[in-house]
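The values are calculated or read from the model by the stated rules, or taken from the named source; none is laboratory data. As the structure is a computational prediction, the values presented were derived from the model and not from experiment. Neighbour counts are summed over all protein chains in view; Cβ atoms, including those assigned to glycine, are modelled from backbone coordinates with ideal geometry. Heads up: the accessible areas ignore ligands, DNA and RNA and are worked out on the full protein's heavy atoms, side chains in. Shrake-Rupley method; radii C 1.70, N 1.55, O 1.52, S 1.80 Å.
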Amino acid sequence: MTMGMSETRDADDPSNGPHSNPYAAPKARIQEYIDSNAPRLAGRAIRFAAAILNVFIAIAMGVTAIVLMQLVVRGFEPDAAQMLGGSETIILLGAFLPWLLWNTYLIHTRSQSVGKMIMKIKVVAQDGGPAGTARQLLLRVGVTQVLSGLVPFFPLIDNLMIFTPDKRTIHDRIAGTIVIQAPRARQHRKRQD
């Protein structure tokens, strides 16, 4: 049998030998289609850095509140300091209230916590659309906090899920969200006439 030019076979290809499987799948190179407009998932290290930043900022605010509380208490007479009693808790809550409000505002307006904003990542729904404030606060944060109180080591297990192929934690799965690299803001230059 003679072969035409379009039917030439590579003599070095072992699949062309007498023991080749005629029913085997073709060995064609397949190039994946990558949509350049599709959101890119945030990397594991970036997400970890954002979480660490959130913790450090919260700790810094708490330490600041404690230091201020000590300065205020020392300024009073000893009897006045004893009258403060349980106000340490109120002062600590007062220190975290601005942090809570700031994060809630950012989640509502930008789908980002402070750490995510710094690291230029954001939360979106699994289909790439807006995640919504209620979904983020109730499912991503609220359910996670409840589970953290009920299930030993839940925060560790939750965060280790970032090493799955789709880079989604348990709270991402509960809320139906993904974390993506935030699109860069387009800068519009004023046209000079």
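Things worth noting here:
- Criterion (open to solvent by less than 50 Å² (accessible area, probe 1.4 Å) and either modelled with pLDDT under 60 or in a helix (DSSP H, G or I) (or both)) met by exactly one of 91, 57, 34: 57
- Among the residues making up the range 8-31, those that are open to solvent by 100 Å² or more (accessible area, probe 1.4 Å) and at pLDDT 60 or above are 18, 19, 22, 23, 26, 27, 29, 30, 31.
- Considering only residues in the range 163-178 that are surrounded by 20 or more Cβ atoms within 10 Å (Cβ to Cβ) and under 11 Å from the mean Cα position of the chain (by Cα), the one that is farthest from residue 48 (Cα to Cα) turns out to be 177.
- Every condition in (1) open to solvent by 50 Å² or more (accessible area, probe 1.4 Å); (2) touching a Ser or Thr at 6+ places or on another chain (Cβ under 9 Å); (3) of a type in the set (S, T, N, Q) holds for residue 136 except the one numbered (1).
- Candidates are the residues of the range 118-130 that are of a type outside the set (D, E, K, R), open to solvent by 50 Å² or more (accessible area, probe 1.4 Å) and not in a loop (DSSP other than H, G, I, E, B); the one that is farthest from residue 177 (Cα to Cα) is 118.
- Any hit, the range 106-114, residues being open to solvent by 40 Å² or more (accessible area, probe 1.4 Å), in a helix (DSSP H, G or I) and hydroxyl-bearing (Ser, Thr, Tyr): yes
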